1. Please go through the range 130-149 and give me each residue that is touching a helix residue (DSSP H, G or I) at 6+ places or on another chain (Cβ under 6 Å) and modelled with pLDDT under 90, ordered by number.
2. Within 16 Å of residue 161 (Cα to Cα), at pLDDT below 80 and either assigned to a strand (DSSP E or B) or among the acidic types (Asp, Glu) (or both) - does that describe any residue in the range 77-88?
3. For the range 25-56, how many residues meet the condition of being among the aliphatic types (A, V, I, L, M), in a helix (DSSP H, G or I) and modelled with pLDDT under 80?
4. For the range 132-175, name all the residues that are open to solvent by 40 Å² or more (accessible area, probe 1.4 Å), under 15 Å from the mean Cα position of the chain (by Cα) and of a type in the set (S, T, N, Q).
5. Got a sec? Which of 22, 16, 73 is open to solvent by less than 30 Å² (accessible area, probe 1.4 Å), outside any helix (DSSP H, G or I) and at pLDDT 80 or above?
6. Cβ-Cβ distance below 8 Å, separation of 6 or more or different chains: which pairs start in the range 30-53 with a residue that is more than 22 Å from residue 161 (Cα to Cα) and end on one that is open to solvent by 70 Å² or more (accessible area, probe 1.4 Å)?
7. Restricting to the range 121-173, what's the tally of residues that are among the charged types (D, E, K, R), in contact (Cβ under 8 Å) with a residue 40 or more places away in the chain and assigned to a strand (DSSP E or B)?
8. Residue under question is residue 68, and the condition is that it be within 20 Å of residue 115 (Cα to Cα), of a type in the set (A, V, I, L, M) and at pLDDT 80 or above; does it hold?
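The values are calculated or read from the model by the stated rules, or taken from the named source; none is laboratory data. Since the model is a prediction, treat every value here as computed from it, not as a measurement. Here Cβ is always computed from backbone atoms with ideal geometry, including for glycine, and neighbour counts include all displayed protein chains. Heavy atoms of the whole protein, side chains included, go into the accessibility calculation; ligands, DNA and RNA do not. Shrake-Rupley method; radii C 1.70, N 1.55, O 1.52, S 1.80 Å.
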Amino acid sequence: MRHYPINFAIASLVLATSVHAAEVSVKAGLWEITTTSNLINLASQIPPEQLENINVLAKEYGFEMPEIQNGAAKSNACITQEMANKKILPSNFQGQAGCTVNNAKRNGNDYRMEYVCKNEQLDGSGVAEATFTSSDTFTGNSTFNGSVQGNPVTEQANMNGRWVSADCGASKPIQ
C-alpha cells in the first residue's frame with residue numbers, strides 16, 4: 001500500500017498534542033486540530049477505495065483517520081477539566097502504533113516532545129513542538145524521519161489547535 005505514509009503522517013501529527021500544556025490556562029472541552037503537510041496534500045489523489053483501506057489499516061493500529069479537506073486534516077481531541085487543571089493534554093502517542101514518547105518538556109508556553117515508533121510498519125523517530133498562543137489556541141509543527149513499510153520517509157507538518165466547546169460531545173478523552 002503505497003499511500004500508508006499519508007496515514008502515518010496524519011496520525012502522528014494529530015497525535016502530537018500529547019505532552020504537558022504550557023503556562024497558560026488551557027480550556028477544558030473539545031479542541032479541533034488542523035494539520036497540513038505535503039503527504040496530506042496527496043490524500044486527494046487517493047481513490048476512495050484505497051482511502052477506505054487506509055482507514056481500516058489505521059484502525060488496526062489504533063488510529064482514527066481525521067477528516068481531510070482542501071489539503072488539511074481535521075480531528076478532535078477532548079481535554080477534561082482534570083487534565084486542564086493539571087496542564088496535561090491527551091497522551092495518545094504513548095503505546096500506540098509501537099510509538100513511545102521521550103523527553104517531553106515544557107518551557108513557559110512552549111512544549112516539545114520526541115517520539116520513537118518501531119513496529120513492522122513504522123520505524124523511525126520524530127519531534128513535535130507547539131506554542132500555546134492563548135488558553136484556547138496553539139500552533140506547532142512535527143517531523144518524522146524513518147521508514148514506512150520499508151520505504152524511506154522524511155515528513156514535516158504544521159498544526160493549529162483551537163478550542164471549540166466546553167462539551168466534548170461524542171469525543172472521549174484519550175488517556
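1. 148, 149 - these are the residues of the range 130-149 that are touching a helix residue (DSSP H, G or I) at 6+ places or on another chain (Cβ under 6 Å) and modelled with pLDDT under 90.
2. yes
3. 5
4. Within the range 132-175, 139, 141, 143, 156, 158, 160, 175 qualify.
5. Sole residue among the options that is open to solvent by less than 30 Å² (accessible area, probe 1.4 Å), outside any helix (DSSP H, G or I) and at pLDDT 80 or above: 73.
6. Hits for this filter: 50/1; 53/1.
7. Qualifying residue count, the range 121-173: 2.
8. Numbers: within 20 Å of residue 115 (Cα to Cα): no; of a type in the set (A, V, I, L, M): yes; at pLDDT 80 or above: yes.
Taking the combined requirement at face value, the residue does not satisfy it.
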